[in-house]
């Protein structure tokens, strides 16, 4: 398994995206995020995504020349149009707008429309937490789950992320999808010819199934049953009704190269603690909870594992990334 420095991995990903038709800013922004996700142990949102994004750029599902821009604003609210480009330049702009407006108004919400797959949503909220802001982020995705009591996919797995800055140390970062299990686990079970547990998915006829292959042509189930499905519905509405983006059932699957431009939506909220009880009170309350959590043996703070992996990957002595051989070869082929 080849080992690469983060800088080398980022450069290789950037060149692969450039070769596929991304503009220099889009390729650079995307490569930065993918390498950061890889370094934090989120390989499913890391370098393996370059080939997928390159295919979208080549076949027109994403516009490599798009330049994200603020197209509507009022006070602490703004709307960013990704213009069918890859999501990461729009997310960078949205984070900058959210931080600036939260400082000015105490709270900010920034929506993104006409966007693409946005990977690890913990990264934009962590960037806002680094500015001392409490942050939440949501994204919808192509249909994979039914609405409550439904049987056909209408909503995406619709991840939710939040970050809370601390007095010392990295922020608390919570990042989860609202499906009972990641689709990737069902795909792995299907490839291995193994069954999946009950409660993970429905088949194409809307019936519960333990057949992984049947699940891939059916629907994933929300975590927590109806409650999880309702949370996914909240995310769908925040990311679409407020931004004018496409609903999950209007976007073709991202697991196939051919299809429409998904026009997905993202939604960010940022809050300046100083606008409410005050920064000192906020930090004291957070540390009180952290201390209570860590008083129990075995408790790990959310985001701690990712932070530890990032620290190891960026260490001056022995840092870097172990890149799977197939991914490494694929990146070099794309870059060439």
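Computed values, structure above
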item	result
Sorted by Cβ neighbour density within 10 Å, fewest at the top, the residues 48, 179	48, 179
Helix-only CD estimate at 222 nm, as mean residue ellipticity for the chain, using -39500 (n - 2.57) per DSSP H run (n ≥ 4)	-12500 deg cm²/dmol
Relative exposure of 264, 254, judged by other C-beta atoms within 10 Å (fewest first)	254, 264
Length released on extending from residue 96 to residue 241, taking residue separation times 0.36 nm less the Cα-Cα span	49.9 nm
Shape category assigned to the chain from the gyration tensor of Cα positions, a/c cut at 1.5	rounded
Simple spin-label estimate for residue 309 and residue 166 in nanometres, 7 Å along Cα-Cβ	1.9 nm
Of all DSSP beta bridges in the stretch 1-133, antiparallel share, percent nearest 5	50 percent
Overall form of the stretch 40-113 per C-alpha gyration tensor (a/c, 1.5; a/b vs b/c)	oblate
Spin-label zone in the stretch 31-75 - amide nitrogen under 17 Å from a point set 7 Å from the Cα of residue 336 along the C-beta vector	51
Listed residues 53, 88, 282, most fluctuating in the chain (Gaussian network, C-alpha, under 10 Å)	282
Distance (nanometres) between label positions extended 7 Å along Cα→Cβ at residue 276 and residue 316	4.0 nm
Most to least packed among 244-251, 78-85 [average Cβ atoms within 10 Å]	78-85, 244-251
Length released on extending from residue 293 to residue 257, taking residue separation times 0.36 nm less the Cα-Cα span	8.5 nm
Highest average packing first - 141-152, 165-176, Cβ atoms within 10 Å	141-152, 165-176
Antiparallel %, DSSP beta bridges [both residues in the chain], to 5	90 percent
Per-peptide average of other Cβ atoms within 10 Å, ordering 31-40, 57-66 highest first	31-40, 57-66
Spin-label model distance (nm) - residue 130 vs residue 72, 7 Å beyond Cα toward Cβ	3.0 nm
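Where a number appears in this text, it was derived from the coordinates with a stated rule and is not lab data. Model, not experiment: these values are computed from the prediction. Counting neighbours? That spans all protein chains shown, and the Cβs are built from the backbone with ideal geometry, glycine included.
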